[in-house]
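J.: Can you read through this structure? Questions will come right after.
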Amino acid sequence: MTQSVEVHINSDINPLFERAKPTTELFSKALALYPYVKNETISHGKAAEILGIPKWDLIQIYGDFGFNYIDMDDEEWAQELAAVKRISEKCK
């Protein structure tokens, strides 16, 4: 028995498909998992485990599609920097 699945893709993601032209099942599956990685339902490591590949390979695949591994806005970067400064002061 087989089932059909219809996938609706936001128009802002369409150019990524055009540019990358995923030709393998791995790329298709990685793209299908990306929304769950993006919204932190699963981690990059868990997605890589599901795909049966090393985490670094998945990060590279997503990088090829233009998805950043570290996805923080300016405020989040400022908070991270402040935390590093606080820790470094304590270590002196």
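Only the coordinates and a few stated rules stand behind these numbers; no lab work does. This one's a predicted model, so the numbers in the text were calculated from it and none came from an experiment. All Cβ positions, glycine included, derive from the backbone under ideal geometry; neighbour counts span all protein chains shown.
J.: If the cut-off is a Cα-Cα distance under 19 Å, which lysines reach residue 29, setting aside same-chain residues fewer than 8 apart in sequence?
T.: List returned: 21, 38, 46, 55.
J.: Now for a different question. Lys and Arg at +1, Asp and Glu at -1: add these up for the other residues within a Cβ distance under 11 Å of residue 46 and post the number. Intermediate results must be reported in sequence, preceding the final value.
T.: Working: positive: 55; negative: 40, 49.
Overall, the nearby charge balance is -1.
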